[in-house]
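The values are calculated or read from the model by the stated rules, or taken from the named source; none is laboratory data. Please read all numbers here as calculations on a predicted model, not as lab measurements. Methodologically, a virtual Cβ is constructed for each residue, glycine included, from the backbone with ideal geometry; neighbour enumeration extends over all protein chains shown. Surface areas here come from the heavy atoms of the whole protein model, side chains and all, with no ligands, DNA or RNA. Shrake-Rupley method; radii C 1.70, N 1.55, O 1.52, S 1.80 Å.
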Amino acid sequence: MFSTGNPDKQISNLSESEIIECIRAWLGPSNPGYPQGIGDDCAVLISEAEGKQIITTDAVTYGKHFDNQIASEAAGAKLIKRNLSDIAAMGGVPESAVLALLAGPDLSIDWLKGFFKGIRSECETYGIQLVGGDLSSLENGNFSAVLTLIGRATSPSLRKYAGERDFICVTGHLGGSRLGKHHNFKPRIQEGQWLAKREECTAMMDLTDGLSKDLKAIMPENCCALLDLDRIPISLDAHTLSRTTGSSSVELAFTDGEDYELLFCIASEVEFQKFKESWEEYFPQVPVSCIGRFQESSQAGRIIDTRTNESIPWTEGFEHFK
């Protein structure tokens, strides 16, 4: 259970230093030795890697990003993978992380151990060292963990370089993430690194708040997005949800969020089919779709359905404070 009424099994039964020692043991080799790891006011990072340093931060909060239906290991893994998705969108390589942990005193020690088991597994998979962090208390029944992840990218992919008439592309399938993908996903780290090295890839970001919202973040000024809705790669889970929610599957693909796929642009002079053939040589298990293109327009900022030449009716993705 997330929380427990047995004081002997709550973190309130441990001192702060004892909790830190548990975390150190739970992380194992994912926490490097002093002075690079836990044990001082700051961790001392040592890196000979080339490229520019990139930094991101993301959180998981009980009741918002996970609940009691999600195993603690999956919640811990999600924290790491959410941050990795940002690193992937920049074409980067993850290196080190720090973690701020905020919890009520009734938090189960066993649950927290599982949470760090998930963190450790993902850190070992992706070569991340968790080098420090902070502990803070909340009211009973509350939990939040905030991770700051540091990486490097030789040529970071930015959003603002998308051009007029560039093709709009996505990896994977969209929508229906609430049926499991929101925590059971694989960050597109290798795919992002590959795209960042391609001259034809002009801009990139990850899809976390829904295509309706995220596409506007990468759209060039004075442009609209012309989309062929028949090319939107809709997930099977979105089709499943559409039968019970009253929303169409394509609407869910636009608005659900937490897809953790890559949204990227390729230059207008590039033939997409040739690009796709090259992609499939490296990533045969990961679909890639061209869903439309940008165009300078008096309807700048809008997403247009090319079948009707009208704006799509789904204008909002995930909003944190609604």
Within the bounds of the stretch 219-242, is there any residue that is over 24 Å from Ala300 (Cβ atoms), among the polar types (S, T, N, Q) and open to solvent by 40 Å² or more (accessible area, probe 1.4 Å)?
-> yes
Is it fair to say Ile218 is touching a residue at least 40 places away in the same chain (Cβ under 8 Å), over 18 Å from Pro287 (Cβ atoms) and hydrophobic (A, V, I, L, M, F, W, C)?
-> yes
Residue check, Gln285 against (1) open to solvent by 10 Å² or more (accessible area, probe 1.4 Å); (2) within 16 Å of the chain's Cα centre (by Cα), all met but one. Which one?
-> (2)
Restricting the stretch 169-189 to residues that are in contact with a Pro (Cβ under 9 Å, 6 or more places away or on another chain) and in a strand (DSSP E or B), which is surrounded by the most Cβ atoms within 10 Å (Cβ to Cβ)?
-> Leu174
Name the strands (runs of 3 or more DSSP E) wholly within the stretch 50-168 that hold at least 1 residues that are polar (S, T, N, Q) and more than 23 Å from Tyr260 (Cα to Cα)?
-> 129-137
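Select from the stretch 59-76 the residues that are closer than 30 Å to Ala153 by Cα and open to solvent by 10 Å² or more (accessible area, probe 1.4 Å) and write down the one among them that is modelled with the lowest pLDDT. Steps first, please.
Of the stretch 59-76, the ones closer than 30 Å to Ala153 by Cα are 59-61, 65, 73-76.
Going one step further and asking which of them are open to solvent by 10 Å² or more (accessible area, probe 1.4 Å), we end up with 59, 61, 65, 73-74.
Details: Ala59: 96, Thr61: 96, His65: 93, Glu73: 97, Ala74: 97.
The selected residue is His65.
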State all residues of the stretch 36-46 that are at pLDDT below 70 and open to solvent by 50 Å² or more (accessible area, probe 1.4 Å); if no residue qualifies, say none.
-> Gln36, Gly39, Asp40, Asp41, Cys42, Ile46
Residue tally, condition touching a residue at least 60 places away in the same chain (Cβ under 8 Å), surrounded by fewer than 23 Cβ atoms within 10 Å (Cβ to Cβ) and farther than 30 Å from Asn6 by Cβ, over the stretch 97-131 | 3
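To keep it simple, each residue is scored yes or no on (1) surrounded by 15 or more Cβ atoms within 10 Å (Cβ to Cβ); (2) over 22 Å from Pro156 (Cα atoms); (3) without any contact (Cβ under 8 Å) to a residue 24 or more places away in the chain.
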{"residue": "Thr255", "(1), (2), (3)": "yes, yes, no"}
{"residue": "Cys265", "(1), (2), (3)": "yes, no, no"}
{"residue": "Ser278", "(1), (2), (3)": "no, no, yes"}
{"residue": "Gly292", "(1), (2), (3)": "yes, yes, no"}
{"residue": "Glu296", "(1), (2), (3)": "no, yes, no"}
Members of the stretch 250-277 that are within 17 Å of Ile303 (Cβ to Cβ), in a helix (DSSP H, G or I) and not β-branched (Val, Ile, Thr) | Glu251, Leu252, Ala253, Phe254
List every residue pair whose Cβ atoms lie under 6 Å apart, where the two residues are 6 or more positions apart in sequence or sit on different chains, the first residue falls within the stretch 9-28 and is in contact (Cβ under 8 Å) with a residue 60 or more places away in the chain and open to solvent by 80 Å² or more (accessible area, probe 1.4 Å), and the second residue, located anywhere, is among the polar types (S, T, N, Q) and not in a helix (DSSP H, G or I).
-> Lys9/Ser108
